[in-house]
Amino acid sequence: MSDRRVAVVVEDDEDIRGLLEVVLLQSGFNVHSTDSGVKGVELVESHRPDLVTLDLGLPDIDGFETARRIRTISDAHIVMLTARSDEIDTILGLEAGADEYVTKPFKPRELRARVDAIMRRRSSHALAKNDTTAVLAEPQSATQLDRAEDEFVRSLNGLVLNPSTYTVEVDGEAKNITPTEFTLLDVLLGSKGRIRTKTELVRRLRDEDSDSGTYVSSADERSVEVHLGNLRRKLGDSTQEPRWIETVRGVGYRSAAKR
Ligand code: CA
């Protein structure tokens, strides 16, 4: 059993691809890379990665289509690489199933910090699933304590979220949601009706405490909106008459009232 995690890099720019490979190798990944979307999907199928980095502009199918195809076969964490100005692209990418985006050009150290945070979050999910291939998360005093208190099955209006099996069921039917969506749902249900701002949710996705004070951009907040939109669609929730997730206009979100 290899203790290295697996990443797939889909990027047609040779220099950027090389840079991504170096960063991921340093973060402890076995890296498989390609310059094509179709080959990227094949690599995901054969290597079952934990993480995928995905360029938008590819020579065959674009990054959106690649993300969609990957999402049907894998729950790998998909990081999309976008140009700084393309907020629309970012939103479309998240809607296609990507978990987050990194804007180009990026600093290798920043990317590495992002990747490490992603993997800490996924490790805690994998441990919850009792996955023996999981890499142990490094001790994270405050956050880890938060989580220890939080390891409870949550139920609300016919939905059951179980962190120890990492499953979500609605009226007894299993729902297939991404780790990012799972985290958001877990935080909202765990907050028991207390409002969570988008800023707080962004930080929780980075595996930080809600009040860590780190910078959160409007694009980061927008990505939380998109993830919650995707989550609502998968659960079959309504924004008008929310059963689980309620939008508090101009402020954030909270779990809906018990019915
Ligand atoms: Ca490209």
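Just grab the label-to-label distance for Val160 and Glu65, each label 7 Å out from Cα along the Cβ direction, in nm (one decimal). So the two model labels end up 4.1 nm from each other.
Treat each spin label as a single point 7 Å out from the Cα along the C-beta direction, and report the Asp3 to Ala117 distance in nm. Going from the Asp3 label point to the Ala117 one covers 2.6 nm. With a/c under 1.5 counting as rounded, go ahead and sort region 165-228 into rounded, prolate or oblate using the C-alpha gyration tensor (a ≥ b ≥ c being the square roots of the eigenvalues; past the cut-off, prolate if a/b is larger than b/c, else oblate). Since a/c reaches 1.5 and a/b is larger than b/c, the shape of region 165-228 is classed as prolate.
With charges only on Cβ, +1 for K and R and -1 for D and E, what is the dipole size of the chain about its Cα centre, in debye, rounded to 20?
900
Peptides 102-112, 53-63 ranked from most to least packed give 53-63, 102-112, packing being the mean of other C-beta atoms within 10 angstrom over each peptide's residues. Across region 13-25, rounded Karplus estimates of 3J(HN,Hα) from the backbone phi angles (6.51 cos²θ - 1.76 cosθ + 1.60, θ = phi - 60°) give 8, 4, 5, 5, 4, x, 5, 4, 4, 4, 4, 6, 4 Hz, Gly and Pro being marked x. Ellipsoid semi-axes for region 141-259, based on the Cα gyration tensor and the rule √(5λ), read 21, 18, 13 Å when sorted largest first. Database remark: amide H of Ile78 closer than 5 angstrom to the amide H of Val52, Asp99, Glu100 (H placed geometrically; neighbours at sequence offset of 5 or more, or on other chains; Pro and chain starts carry no H). Model label points for Arg222 and Glu95, set 7 angstrom from Cα along the Cα-to-Cβ axis, are 1.2 nm apart.
At an R0 of 45 angstrom, the distance between the Cβ atoms of Phe152 and Glu14 translates into a FRET efficiency of 0.40. Dipole of the chain computed with +1 at Lys/Arg Cβ and -1 at Asp/Glu Cβ about the Cα centre; of Phe106, Leu184, Phe152, farthest Cα towards the positive end is Phe152. Across the chain, how large is the tail of the calculated P(r) beyond 27 Å, expressed as a percent of all Cα pairs? So the pairs more than 27 Å apart make up 35 percent of the total in the chain.
By average Cβ neighbour count within 10 Å, what is the ranking of 205-215, 29-39 from highest down?
By packing density, highest mean first, the sequence is 29-39, 205-215.
Any idea what the dipole of region 52-122 comes to, in debye rounded to 20, about its Cα centre with Lys/Arg Cβ at +1 and Asp/Glu Cβ at -1? My answer is approximately 480 debye.
Compared with the direct C-alpha span, the chain from Glu45 to Arg109 gains 20.2 nm at full extension, assuming 0.36 nm per residue.
Extent of region 5-118 along its three principal axes (Cα atoms, max minus min coordinate, largest first): 34, 29, 25 Å. Positive end of the dipole of the chain (Cβ unit charges, origin at the Cα centre): among Val115, Leu19, Val224, the Cα lying farthest that way belongs to Val224. Around the amide H of Arg5, modelled in the peptide plane, lie the amide H atoms of Asn30, all under 5 Å away and 5 or more residues distant in sequence or on another chain. Every helix of 4 or more DSSP H residues in the chain counts as -39500 (n - 2.57), and over all residues that averages to -13500 deg cm²/dmol at 222 nm.
Rule-based calculations on the coordinates, nothing more; no lab input. Model, not experiment: these values are computed from the prediction. For neighbour counting, all protein chains shown are included, and Cβ atoms are generated from backbone atoms with ideal geometry for every residue, glycine included.
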